[in-house]
Each structure stands twice: as C-alpha cells, then as structure tokens.
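First comes the structure, then the notes that go with it.
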Amino acid sequence: MYLPVDFCIVDAISNRPVPGVLVKVFGVDGKGIYGEMSTGDDGKASFLLFGDKRYQARVYKFGVGFRNPVFFDVSADPALCNRFTIPATLSSVSAASDPRFCMCSGVFRTPTGAAAVGLDIHFITKFRPILLEGAGVLTERVTVRTDSTGWVHVPLIRFGKYDVMLEGYEDTTREISVPDAPACNLPDLVFEVVDRVEFESATIEVPLGETITVYPKVYSSIGRLLEEAVRNEVSWRVDNTDAVSLAVQWDSLTLYGLATGSAVLTASRSDSSIVRIPDPPILTGIQIQVS
C-alpha cells in the first residue's frame, strides 16, 4: 500500500522553512530512485511511498549544508503521520556569541552558477567612533573575501549602518542596516527587499458607507520590520473597486465601503530591480467584505 510521506526542510537555527531544496528518495542501499521533488515555499516535499519499508533520502541545495543520507521508515500504522523534518545548515559558522554583534554570512555565485571565489566585499561604517562595552570602535573600511565555495562571513554591530561595495560593482554602493539578531544571511542583507506583508486577520469587515483603517506590517528578507513601508515599498490593489475604495498612507490603509459585496486585497513589491528566485508573493490575498 502506498502512503503519503512528507519531508520538511527547516533552518537549523531559525526553524524557518527552506524552499528550493532538491529531495531524492532511494532504496535503503542507495540503489534505485523512488522519486525526486523540490521543496516549495513551505519547505515541504511530498511523496507516495510503499509502507512498512526503509528508505534513504538525499537532499541538495547550493550553499546549504545537510547530513546525507537520511534514513527513514515508512509505517503503515495510521497512528503515525510519516512526516520527517530535516535540518539545514545555512551557515558554516555559528551565530555571533557576542550579543552586540550579528554574524552575517552567505554564499555568492557567478552568472554561470559557479562559486564566486575570491570576491572582495567592502564594508564602510556610517557611524561615528563609538565605545562598545568599553572598547573603541573606529570608523574604517573592513574587507572580507569569499572562499573556494563562494562562502564568506563577517560579524557586524547590531543596528549598525554600513555602506557595502562588491568587487566588480564598485560604482554601486548599497546601504545596509544590520538586524538585531545573532545571525543573518549576507546576500539577503546586501540585497534586502520586501519579503512579506502581515495583517492581524485574513478577513477585513468594512461597514457599508463607513471608513476603517488597518495597519499592515511589512517585513524585509532579513526579517526586519520596515517603518513607513506601507506606502514607500508596497504597491496595493483591490480587485473590486465598485465595492470598496482604497487609500494608502505611510503606515496604514484606509478602506471605504462603497457597496455591498466582497473584494480581494493584494500587494506586490514596488521595487523590482532585485529579482528573487524563487519569488513567492509577499501577500496571498486578504478578503474584504462590505456589508
């Protein structure tokens, strides 16, 4: 009997799902492939496998570490869910041990997909000299270089602002704001974009002929809550302007009920200069009901 089997790939540090991971299932001896699938935005890959049998899985993603192979048993017992969680190591270094610093690390690739070996990345502080736990921190340039796998890491002061320049792109300077976190993916920090929009509820009730104001939260690709991003960073749309009108403020949305009915509120990134692959929507859609 074939049974559904789910693999959940999660970051070993944050426990967040890891998309784009290729999962291959083999026989327990590593011979014969029973299927392969890449994880979605939820970090899940699903298979149908014959029950009461042992298999091995191998998982792959560029720049991400796994302990392969993973042996697992598919049980025909209905009390068991056949759901397996596989941790992913998104960094080869531990999180910063000093609570004042964030360990920023990640992988860089060339346009051909190969590791970007020996890439110099320059960080220039945008703050004045400070005393940090009694130690002097000077305003100077720090340069790090990727290794043979395209990997690099550097500890940066939390909440610190830096200008970043990459070798080959010296004419472009990007400003970063280091998050208040023990670790961070450096490419996401350098090329920070809007990642998701959250509302308190999946449904918004708007009384007919009245106005309500909602305060969505906008988060970046490093998990930072963006201030005044509702208007600056996000484009909004309602699919039924006969039922509801929409006005966008700096930190809020104002909805006015024009006629009884429903509409769907969607959002997209205003800045499309940075492309993410995969690129899940920042908002799946909020139901608006006017009554």
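The values are calculated or read from the model by the stated rules, or taken from the named source; none is laboratory data. Predicted model only: the values in this text are computed from it and were never measured. Note: ideal-geometry Cβ built from the backbone for every residue, glycine included; neighbour counts use all protein chains shown.
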Review point. In region 44-61, which residue that is of a type in the set (A, V, I, L, M, F, W, C) and exposed (fewer than 14 other Cβ atoms within 10 Å of the Cβ) is farthest from ILE86 (Cα to Cα)?
Key: PHE50
Review point. Any idea which residue in region 184-214 is modelled with the highest pLDDT, counting only those that are within 11 Å of the chain's Cα centre (by Cα), assigned to a strand (DSSP E or B) and not polar (S, T, N, Q)?
Key: VAL194
Exercise for review: Looking for whichever is more than 26 Å from PRO19 (Cα to Cα) and either touching a helix residue (DSSP H, G or I) at 6+ places or on another chain (Cβ under 7 Å) or not hydrophobic (A, V, I, L, M, F, W, C) (or both) here; the options are ASP242, ASP271. Which one fits?
Suggested key: ASP242
Review point. Do any strands (runs of 3 or more DSSP E) entirely within region 58-129 hold 3 or more residues that are of a type in the set (D, E, K, R), modelled with pLDDT under 85 and touching a Leu at 6+ places or on another chain (Cβ under 7 Å), and if so, which?
Key: none
**Study point:** strands (runs of 3 or more DSSP E) within region 220-291 that include 1 or more residues among the charged types (D, E, K, R) and in contact (Cβ under 8 Å) with a residue 60 or more places away in the chain
**Key:** 261-269
Check your understanding: What about ASP41, is it within 21 Å of VAL107 (Cα to Cα), of a type in the set (Asp, Glu) and buried (at least 16 other Cβ atoms within 10 Å of the Cβ)?
Key -> no
Study note, to complete from the structure: Every listed condition ((1) closer than 23 Å to ILE222 by Cα; (2) out of contact with any Pro (no Cβ under 6 Å at 6 or more places or on another chain)) holds for ALA96 save (2)
Review point. Name the residues in region 268-291 that are of a type in the set (A, V, I, L, M, F, W, C) and either within 23 Å of THR39 (Cβ to Cβ) or loosely packed, with under 12 Cβ neighbours inside 10 Å (or both), would you?
Key: ILE274, VAL275, ILE277, ILE282, LEU283
Check your understanding: Is there a residue being within 26 Å of ILE282 (Cα to Cα), surrounded by fewer than 19 Cβ atoms within 10 Å (Cβ to Cβ) and not assigned by TED's automatic domain parsing to the domain that holds TYR219 anywhere in region 97-109?
Key -> yes
